[in-house]
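Working notes, structure below.
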Amino acid sequence: MKNSYLFVAQISFLWLIYQFGLFISEFFHLPVPGNVVGMIILFLLLSLNIVKVGWVEKGAQFLNKHLAFFFVPIAVGLMTYTSLLKESGLALAVMLLGSSIIGMALTGGVAQLLSSRHSKKEKGEDASEHHHSI
Amino acid sequence: MNTITLFSIVLTVAAYGLARLLAVRFSSPLTTPVFLSTVMIILVLAGSGITYQDYTPAKEIMTYLLGPATVALAVPLYHNRDVLLKKAAPAFWGLTAGTLATVVSAVWMTKMFHLTEATAASAAVKSVTTPVAIEVARMIGGDPALAAIFVMIAGMFGAMFGPWLLTVMKVTDPFARGLSIGTTAHGIGTAQIVQEGSLQGAVSGAAMGAASIFTSLVLPWLFPLL
C-alpha cells in the first residue's frame, strides 16, 4: 500500500515538473517544447542534488518502460490519412524511409567513428600523464 | 465516460499488452509494440465502425501522461551523465551531420518526385518530436497535420527497423546507437531503443531533445536555401 502511494506521488511530481516546463516554454517563447524543457529541468535538479534520484526513480522507471504505450493512441490517427498514403504512397515511402536511413547511418556512423578515435587518443595520452579533454 | 471511450481504452491497453507479449516471444520488426498494437487497434476500430473522432476522447485520457513520461527520461540521462559528458563532441558532430543529411535528402527527394513545396516543408521536420515539428512546419510553410503524420511514420520506421539497420551498418557502440535513433526517430524510437539498454535510452532521449532544439534553430534559414 505504502508503495503505491509512493508511486502515485512520484508520477505526480514528474507531472508537476512537466507543467512547469510547459509554462517556461510558453512564457519565454522558447523553440523547445514543454516536455523537453521539463526533461532538462529535472536533469538539472538531479545534477545539482536539489532532487534526490530516489524521489522519482520508481515512477520514472515505470513510465520509461511503457513510453511506447503513450504513442499508440496518437499513431492510431494514421487511419485518417489512408487516402493520401494510397495516392502518392510509393514516392512518400521512398522519401521518408530513404532520408531516415541516410540520417541514421550518418548520425550513428559519425558518432561511433569519432568516439572510438577519441578513446584511442585518450588511451595514448594516459601514458604522458594528462587527459585529453574536449 | 461513454461506452465507446471505455471500449477504446480497454482495446488500446489490451492491444498494447498483447503486442508486448508477442514482441518478447517473436522478436521481429513487425512485432514492435507501437506498430503492432496500432495496426490491431485500427483494424478493430474500422471493423466496428468507430471513427478516429469517436476514439479521440479516449486518446486524450491515455496520452495524459506522455508529458511526464518524457520528463522521466531525465532519470536514465542522469545515471549516464558521465558517458554523455565524455562523448559530448562525437554526439554533437553525429547529431549535426545526421540531422542535416535527413533534412536535405528528404527535401531533395520530394522535389525529385515532384511533390508539393508544402510536402517538402512537412517532410523537413519529420525527425523531431511532434510539438516541435508542428511549430517549425508552420514557420517554413508546411502543413502541420501532414508533418505530424510524417513524424509518426519516421518514428515507427526508426522503432521497427532502426536497431536492425544499425547492426547491419556495423554501428555497434551503444552510445552511437542511442544517438542515431533519438536523432532520427524521436520519442517513438526512444521508447524502443530503451528496451535495448539504459544507456541507449538515455542518449536517445537526450538526442531527441537536442535534435528538436537544433532543428528549430537551423531549419527556418536552411529550408529556403534548399
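Quick check: with the 1.4 Å probe, what order do A:E87, B:E60 take by accessible area, largest first? Walk me through the intermediate numbers first.
Details: A:E87 155, B:E60 105 Å².
Largest accessible area first, the residues go A:E87, B:E60.
Give me the percent relative contact order of chain B, please, defined on Cα pairs under 8 angstrom at least 6 residues apart.
Numbers: 288 pairs, mean separation 43.2, N = 226.
Once divided by the residue count of chain B, the mean separation gives 19 percent.
Suppose R0 equals 30 Å; then what is the FRET efficiency for A:L16 and B:Q53 from their Cβ-Cβ distance, rounded to the nearest 0.05? Working shown, then result.
Working: r = 32 Å, r/R0 = 1.06.
Efficiency computed from Cβ-Cβ geometry: 0.40.
Express in nm, to one decimal, how much length is gained between B:A14 and B:F26 on full extension, taking 0.36 nm for each residue of separation and deducting their alpha carbon distance. Could you put the intermediate results ahead of the total?
On the way: separation 12, 0.36 × 12 = 4.32 nm, distance 1.78 nm.
Fully extending the segment from B:A14 to B:F26 adds 2.5 nm.
Could you work out which residue, out of B:I42, B:I153, B:I188, moves most in a Gaussian network model of chain B, that is, has the largest mean-square fluctuation with Cα springs under 10 Å?
Top of the fluctuation ranking is B:I42.
Give the long-range amide H neighbours of B:D143: residues separated by 5 or more places, or on another chain, with amide H under 5 Å away, using H modelled in the peptide plane at 1.01 Å from N.
For B:D143, whose amide H was placed from the backbone, the distant partners under 5 Å are B:S122.
Roughly speaking, what is the stretch gain from B:L6 to B:H114, that is 0.36 nm per residue apart minus the C-alpha to C-alpha distance, in nm to one decimal? Before the final figure, lay out the partial values.
Numbers: separation 108, 0.36 × 108 = 38.88 nm, distance 4.40 nm.
Roughly 34.5 nm would be gained on extension.
Per the 1.4 Å probe, what fraction of the accessible area of the range B:3-71, in percent, lies on carbon and sulfur atoms? Provide the component values of the computation, followed by the final result.
On the way: 2550 of 3460 Å².
Of all accessible area on the range B:3-71, carbon and sulfur atoms account for 74 percent.
Could you order B:E196, A:E26 by accessible surface area, starting with the largest, using a probe radius of 1.4 Å?
Details: B:E196 80, A:E26 130 Å².
If we order B:E196, A:E26 from most to least accessible, we get A:E26, B:E196.
As I understand it, the dipole of the protein assembly as shown uses +1 on the Cβ of Lys and Arg and -1 on the Cβ of Asp and Glu, about the Cα centre. Which of B:V103, B:P174, B:T5 lies farthest toward its positive end?
Result: B:P174.
Which one of A:F62, A:I17, A:S99 is farthest out on the positive end of the charge dipole of the range A:1-119, using unit charges on Cβ (Lys, Arg +1; Asp, Glu -1) and the Cα centre as origin?
Positive-most Cα among the choices belongs to A:F62.
Okay, which of the range B:161-190 sit inside 19 Å, backbone N to the point 7 Å along the Cα-Cβ direction of A:R117?
The answer is B:170-177, B:179-180.
If you rank B:S212, A:S83, A:S119 by how much accessible surface each has, with a 1.4 Å probe, what is the order from largest down? Please list the in-between numbers first.
Numbers: B:S212 0, A:S83 75, A:S119 50 Å².
From most accessible down to least: A:S83, A:S119, B:S212.
State the answer as a single residue: which of B:G162, B:A145, B:S198 lies farthest towards the positive end of the charge dipole of the range B:109-226, with beta carbon charges of +1 for Lys and Arg and -1 for Asp and Glu, about the Cα centre.
It is B:G162, whose Cα lies furthest towards the positive end.
Taking θ = phi - 60°, what integer Hz values does the Karplus form 6.51 cos²θ - 1.76 cosθ + 1.60 yield along the range B:33-39, in sequence order, with x for Gly and Pro?
After applying 6.51 cos²θ - 1.76 cosθ + 1.60, I find x, 5, 6, 4, 5, 4, 4 Hz.
The values are calculated or read from the model by the stated rules, or taken from the named source; none is laboratory data. If you're wondering where the values come from, they're calculated on a predicted model, not measured in any experiment. All Cβ positions, glycine included, derive from the backbone under ideal geometry; neighbour counts span all protein chains shown. What goes into the accessible areas is simple: the full protein's heavy atoms, side chains included, and nothing from ligands, DNA or RNA. Shrake-Rupley method; radii C 1.70, N 1.55, O 1.52, S 1.80 Å.
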